[in-house]
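Participant: Pasting a structure below so you can have a look.
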Amino acid sequence: MGYEYVIFILAIFFFIYLIAIWSLHFLSLIYGKYKFHKKPKVKIEQEKLPGVSIIKPLMGVDDNLKDNLETFFVMDYPLYELLFCVQDVNDPAINVVKSLIEQYSHIDAKLFCGGKVVGINPKINNMEQGYQVAKYDLMLISDAGIQMAKDTLYDMVSLMTDKVGLVHQMPFTCDRPNFSGALEKVYFGTCHCRMYLFINLIGINCVTGMSCLMRKAVLDSLGGLQKFGNYIAEDYFLAQAFLDNKWIIQLSHQPAIQNAATYSVPIWQKRMIRWCKLRLKLNIMSWLEPMQECFMLGLCTCWTVNVLFGWNSLVFFLFHVLCWLISDYTLLKITQNGKLPFSKLDYVLSWLYRESICYYLFVKAASNPTVRWRDGKYRLKWGGLAEEIIDDSRPSVPKSHGTSSTLIVSNKSINNKIKKPSTSHKRTSSYSVNMKSSPTTNSNSYNSDIENSSSIPLLSQISPTHSNTQINKNLLNTSTSSNSRLNRVTMHQHHHSISNPMTNNNNYPSPPMVLDKEQQSSSILIDMNEQETKLN
Ligand SMILES: CCCCCCCC/C=C\CCCCCCCC(=O)N[C@@H](CO[C@@H]1OC[C@@H](O)[C@H](O)[C@H]1O)[C@H](O)/C=C/CCCCCCCCCCCCC
Ligand SMILES: O=c1ccn([C@@H]2O[C@H](COP(=O)(O)OP(=O)(O)O)[C@@H](O)[C@H]2O)c(=O)[nH]1
């Protein structure tokens, strides 16, 4: 009698679990239908739109990089700046960015090179230079492989209402051929999408940082990007800090279109394992992830329905899988909002593959807390903090960390590496070379370099709160702004005063950036007008 009682209780428990997960399906379908691909409710006049500083951390080049970056130069948005950040002075991405900056000379764009060490997260270190000069109240962090639709930024800004502090895009993919292209789309449009929508709907943080618009003043008040430099899942902690400070987080109507040219099943697997490792260390609920997968739920509950209702377990299991497959297809179609680039058979095959392989990926992730991300290797600790594992086989001073030795060389070598611009001279474009102060470097020589350059109009736009290095202060003191640039600055301040709630309710003062002496760096902005002189 006692045994039967236990079986009955278990059966009831699993039945509730079945209902809960299926409710999650329906809720995410409804939320996806309600949310995705909707036009913004209110139309904001162009002149009332606030300026946006867009930070693009870049590392390496693939066949799609130029096309992806180009989408940021042709957006339907009136006021924005592009801040490209490249860690390595030898990175071929420099030439890609440079050619785009030359091609779109009317777009306000800058390139920073060398990064700045503020923690172990290489993406944060890479972005720090761009962050420090970002001049607008809104800041978009956008990963290298993201393709922007013309109206995506407008959509995100339109969601940035009074109480909203951060707007993020749900990861999705562009249309790509082959099994791996279908697999990625199926994963991001089904399992990932379902959980992402549901977790957002219930107000739990699951922001993925590949495309995130945020109020810069709030981030400043939280301690800046550097505050999150010791996490690899910086996106999660950054979003959590916004939530903790009572800011609302909004999901964009448009999913983020990832369009990296290099993709394959092993690359996808490695990325899924890395992401899962991050989640396992930062949220205990993630250990239950396999329990919300189709086959596991089916297996756990097929005997339940047999116990409770006398239904055939196998028939129930197959019916459950079929319903799941159809429900996922519906969600994928909602997310895609158009024709899928593969057949239904391709969908079924990639779906079956993903649903079967997820347990293996989970075990791989759970069995080793060390993550490899690009050039780096990191040990994840409980709670999300990470420490870098320095590999003896790698050069003792990794380039990506903007070490003094790299930077001393990089000043000269970067000038040689940046190809000489052709004939056109651009006013709004500049390249910035980061040079970390070191005992062997002479900051006066940097000053004289800069004073000789005509980058002053650009620097005049940098808010004094952000120019934390002596060299920038010197530049500000000696600056004489060109009229055209001043007009532009005045214009954007005007925009903010009209449309940005932050200016009306600015309770979030930017604290002074306190950087380690060792971490302080000096920036040299090379104006395109001066390029020829400097490069010769
Ligand atoms: C009985 C059933 C229990 C179910 C339990 C469900 C558990 C949750 C399942 C799935 C979670 C899906 C989460 C989707 C988003 C995660 C994507 C992700 O892993 N992103 C990480 C990596 O992003 C890159 O990281 C480096 C950065 O520089 C790049 O720019 C990024 O793109 C990201 O770091 C982590 C994000 C946070 C994810 C938080 C997940 C919280 C899960 C708790 C859910 C609890 C809800 C319970 C529902 C029943
Ligand atoms: O050492 C690094 C690793 C990554 N990134 C940037 O961080 C973003 C996300 O990197 P990736 O696509 O590798 O991360 P994932 O989305 O796979 O987590 C991209 O813009 C990269 O250029 C970087 O600047 N330095």
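The values are calculated or read from the model by the stated rules, or taken from the named source; none is laboratory data. Note that the structure is a prediction, hence the values are computed from the model and not measured. Cβ atoms come from the backbone with ideal geometry, glycine included; neighbour counts cover every protein chain shown. Note: areas computed on protein heavy atoms with side chains; ligands, DNA, RNA excluded. Shrake-Rupley method; radii C 1.70, N 1.55, O 1.52, S 1.80 Å.
Participant: Restricting attention to the stretch 350-375, which residues are among the polar types (S, T, N, Q), in contact (Cβ under 8 Å) with a residue 60 or more places away in the chain and part of a loop (DSSP other than H, G, I, E, B)?
Facilitator: Listed by number, the list holds a single entry, Asn368.
Participant: Is the stretch 216-233 home to any residue that is surrounded by fewer than 21 Cβ atoms within 10 Å (Cβ to Cβ), assigned to a loop (DSSP other than H, G, I, E, B) and of a type in the set (Gly, Ala, Ser)?
Facilitator: Yes: the stretch 216-233 contains one or more residues that are surrounded by fewer than 21 Cβ atoms within 10 Å (Cβ to Cβ), assigned to a loop (DSSP other than H, G, I, E, B) and of a type in the set (Gly, Ala, Ser).
Participant: Sticking with this structure for a sec: Output the residue which, of all residues in the stretch 192-215 that are β-branched (Val, Ile, Thr) and part of a loop (DSSP other than H, G, I, E, B), is farthest from ligand 2 (Cβ to nearest atom). Spell out how you get there, then give the answer.
Facilitator: As a first pass, look at the stretch 192-215 and keep what is β-branched (Val, Ile, Thr): 199, 202, 204, 207-208.
Now restrict to residues that are part of a loop (DSSP other than H, G, I, E, B): 202, 204, 207-208.
Numbers: Ile202: 24, Ile204: 20, Val207: 13, Thr208: 8 Å.
Of everything passing the filter in the stretch 192-215, Ile202 is farthest from ligand 2 (Cβ to nearest atom).
Participant: Would you pick out the residues in the stretch 120-146 that are within 12 Å of ligand 2 (Cβ to nearest atom) and either open to solvent by 10 Å² or more (accessible area, probe 1.4 Å) or among the hydrophobic types (A, V, I, L, M, F, W, C) (or both)? I'd like the intermediate steps shown before the answer.
Facilitator: Our first condition is that a residue be within 12 Å of ligand 2 (Cβ to nearest atom); within the stretch 120-146, this holds for 120-130, 141-146.
Across the stretch 120-146, the qualifying residues are Ile120, Pro122, Lys123, Ile124, Met127, Ile141, Asp143, Ala144, Gly145, Ile146.
Participant: Among the numbered criteria (1) more than 23 Å from Trp22 (Cα to Cα); (2) open to solvent by 10 Å² or more (accessible area, probe 1.4 Å), which single criterion is violated by Met210?
Facilitator: For Met210, the exception is condition (2).
Participant: Please tell me if Arg379 is in a strand (DSSP E or B), modelled with pLDDT of 95 or more and in contact with a Ser or Thr (Cβ under 6 Å, 6 or more places away or on another chain). Steps first, answer last, please.
Facilitator: Working: in a strand (DSSP E or B): yes; modelled with pLDDT of 95 or more: yes; in contact with a Ser or Thr (Cβ under 6 Å, 6 or more places away or on another chain): yes.
Yes: the conditions hold for Arg379.
Participant: Out of the stretch 80-119, which residues are free of Cβ contacts under 8 Å to residues at least 60 places away in the same chain and open to solvent by 10 Å² or more (accessible area, probe 1.4 Å)? Write out each step before concluding.
Facilitator: Of the residues in the stretch 80-119, the ones free of Cβ contacts under 8 Å to residues at least 60 places away in the same chain are 81-86, 91-93, 96-97, 99-100, 103-104.
Matches in the stretch 80-119: Asp91, Pro92, Val96, Ser99, Gln103, Tyr104.
Participant: Report those strands (runs of 3 or more DSSP E) wholly inside the stretch 138-191 carrying at least 3 residues which are within 15 Å of ligand 1 (Cβ to nearest atom) and within 19 Å of Phe72 (Cα to Cα). Before you say what the answer is, go through the steps one by one.
Facilitator: Details: elements: 138-142, 164-168, 171-173.
Once the strands (runs of 3 or more DSSP E) in the stretch 138-191 are filtered for at least 3 residues that are within 15 Å of ligand 1 (Cβ to nearest atom) and within 19 Å of Phe72 (Cα to Cα), what remains is 138-142, 171-173.
Participant: Next question. Pick out the one residue from Lys56, Lys35 that is within 28 Å of Ile202 (Cα to Cα), touching a residue at least 40 places away in the same chain (Cβ under 8 Å), open to solvent by less than 30 Å² (accessible area, probe 1.4 Å) and within 16 Å of ligand 1 (Cβ to nearest atom).
Facilitator: Values: Lys56 fails: within 28 Å of Ile202 (Cα to Cα).
Result: Lys35 is the single residue among Lys56, Lys35 that is within 28 Å of Ile202 (Cα to Cα), touching a residue at least 40 places away in the same chain (Cβ under 8 Å), open to solvent by less than 30 Å² (accessible area, probe 1.4 Å) and within 16 Å of ligand 1 (Cβ to nearest atom).
Participant: Out of Tyr154, Tyr136, Tyr131, which single residue is in contact with a strand residue (DSSP E or B) (Cβ under 6 Å, 6 or more places away or on another chain) and aromatic (Phe, Trp, Tyr)? Outline the logic, then answer.
Facilitator: Numbers: Tyr154 fails: in contact with a strand residue (DSSP E or B) (Cβ under 6 Å, 6 or more places away or on another chain); Tyr131 fails: in contact with a strand residue (DSSP E or B) (Cβ under 6 Å, 6 or more places away or on another chain).
Being in contact with a strand residue (DSSP E or B) (Cβ under 6 Å, 6 or more places away or on another chain) and aromatic (Phe, Trp, Tyr) holds for just one of Tyr154, Tyr136, Tyr131, which is Tyr136.
Participant: For the stretch 253-349, please list each of the helices (runs of 4 or more DSSP H) lying entirely inside it that holds at least 2 residues being open to solvent by less than 20 Å² (accessible area, probe 1.4 Å), within 16 Å of ligand 2 (Cβ to nearest atom) and aliphatic (A, V, I, L, M). Walk me through how you get there before you give the answer.
Facilitator: Values: elements: 265-282, 294-309, 313-336.
Output list reads 265-282.
Participant: Taking the options Leu24, Leu58, Leu49, name whichever one is closer than 30 Å to Asn121 by Cα and at pLDDT 95 or above.
Facilitator: Numbers: Leu24 fails: closer than 30 Å to Asn121 by Cα; Leu49 fails: closer than 30 Å to Asn121 by Cα.
Every option except Leu58 fails the conditions.
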